[in-house]
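I have placed the structure first, in the form of structure tokens, so that the comments after it can refer back to it.
The values are calculated or read from the model by the stated rules, or taken from the named source; none is laboratory data. What you see is a predicted model; the values in this text were computed from it and never measured. Here Cβ is always computed from backbone atoms with ideal geometry, including for glycine, and neighbour counts include all displayed protein chains.
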Amino acid sequence: MADLARLAESVIRGHIDANASYPPDMKGQPGVRELTQEALDAGLEPQTILYDGLVAGMTVVGKRFRDNEVFVPDVLVSAKAMKAGTEILKPHLAASGAKSLGTVVIGTVEGDMHDIGKNLVAMMLEGAGFKVIDMGVNVSIAKFKQALSENGDAVFALSALLTTTMVNMKTAIDALREARSDIKIIVGGAPVTDGFAREIGANGYAPDASRAVDVVKDLVGAA
Ligand code: B12
């Protein structure tokens, strides 16, 4: 019987699987790995497991982090647990050999190490049939420009999670536009809004990974 609340709790507590000794009071109990697999076996949609289980857990962690109830090491164990779950979901979100809809170059902008949301967006785009080139985190303008020179027709997807780094999106957009004026760029990340995206000259914005797919499809005329 799938239990998404329990899955979310395992993300919150950073409990990866039954063999994991962290947290000590959950040792021997099913963790993110088993609960994700159970939910799939029970026939739940991968996207439901992702959003109502894994992301729901990480949202609670985010609120507790903001309120100083948990700290960076706690967030890191939750992030690791979440990754264990997304790895199991990935093949189920992947496309079934459909024709490629195009290439997307994705990365978290310079100065920013957050990659959970960016990885989800990459995974969903792959699942929808795009070839995704993941540049990782802390991506410099030079690296983005290099990727553009190698993938002239790609849509660029920029992620930022910090108010101090979201401004680097504008610098990246300006540099990429200078190199190719008709490049299509979509931005996202927790502090980013539709208004901000427009202000910095992005072609699109989406608040989550599913809607990111719709916007990118729209940008390449595949909607
Ligand atoms: C996990 C986390 C970390 C982890 C990151 C681990 C990792 N591998 O990513 C660690 C512990 C390393 C970390 C470090 C820091 N963090 Co932090 N972190 C978070 C936390 C709790 C969750 C982020 C997350 O993964 N959410 C879950 C994912 C699924 O959501 P998401 O990222 O928003 O992505 C979704 C959408 O935004 C969208 N999306 C994302 N990217 C893109 C891209 C495109 C193109 C599109 C269309 C959509 C899109 O789709 C995603 C899926 O639906 C947030 C709190 C929060 N509420 O966001 C703080 C938070 C972002 N961190 C914060 C801070 C302050 C820091 C640190 C400075 C802390 C410190 N004192 O060192 C450092 C900065 C390090 C750096 N230079 O980047 C602040 C930022 C505050 C601000 N206003 O800027 C936050 C908001 C916490 C808080 N409330 O104070 N952090």
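So here's what we get for this one:
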quantity	calculated
Unique match (being more than 10 Å from the ligand (Cβ to nearest atom), out of contact with any Leu (no Cβ under 8 Å at 6 or more places or on another chain) and not β-branched (Val, Ile, Thr)) among Gly28, Gly53	Gly28
Residue match in the range 78-90 (condition: in contact (Cβ under 8 Å) with a residue 24 or more places away in the chain, loosely packed, with under 15 Cβ neighbours inside 10 Å and of a type in the set (A, V, I, L, M, F, W, C))	no
Single residue of Ala128, Ala142, Ala157 found to be among the aliphatic types (A, V, I, L, M), more than 17 Å from Ala202 (Cα to Cα) and buried (at least 17 other Cβ atoms within 10 Å of the Cβ)	Ala128
Condition check for Ala223: out of contact with any strand residue (DSSP E or B) (no Cβ under 8 Å at 6 or more places or on another chain), small (Gly, Ala, Ser) and assigned to a loop (DSSP other than H, G, I, E, B)	yes
Residue in the range 142-162 that is in contact with a helix residue (DSSP H, G or I) (Cβ under 9 Å, 6 or more places away or on another chain), modelled with pLDDT of 95 or more and closer than 26 Å to Ala39 by Cβ present	no
Near pairs, Cβ below 7 angstrom, 6+ apart or cross-chain, from the range 40-63 (among the small types (Gly, Ala, Ser)) to any residue that is not in a helix (DSSP H, G or I)	Ala42/Met1; Ala42/Ala2
Helices (runs of 4 or more DSSP H) contained in the range 24-118 and holding at least 1 residues closer than 28 Å to Ile183 by Cα	72-93
Those residues of the range 202-217 which are more than 10 Å from the ligand (Cβ to nearest atom) and touching a strand residue (DSSP E or B) at 6+ places or on another chain (Cβ under 7 Å), in sequence order	Asn203
Scan of the range 99-123 for residues that are under 15 Å from Val155 (Cα atoms) and either touching a strand residue (DSSP E or B) at 6+ places or on another chain (Cβ under 7 Å) or within 8 Å of the ligand (Cβ to nearest atom) (or both), ordered by number	Ser100, Gly102, Thr103, Val104, Val105, Ile106, Gly107, Thr108, Lys118, Val121, Ala122
Residue within the range 61-68 that is closer than 24 Å to Ala128 by Cβ, surrounded by fewer than 22 Cβ atoms within 10 Å (Cβ to Cβ) and not assigned by TED's automatic domain parsing to the domain that holds Ala209 present	no
Those residues of the range 165-209 which are part of a helix (DSSP H, G or I) and of a type in the set (S, T, N, Q), in sequence order	Thr165, Asn168, Thr171
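Conditions tested, residue by residue: (1) more than 20 Å from Lys131 (Cα to Cα); (2) surrounded by fewer than 15 Cβ atoms within 10 Å (Cβ to Cβ).
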{"residue": "Thr171", "(1), (2)": "yes, yes"}
{"residue": "Gly189", "(1), (2)": "yes, no"}
{"residue": "Thr193", "(1), (2)": "yes, yes"}
{"residue": "Gly201", "(1), (2)": "yes, yes"}
{"residue": "Ala212", "(1), (2)": "no, no"}
{"residue": "Lys217", "(1), (2)": "no, no"}
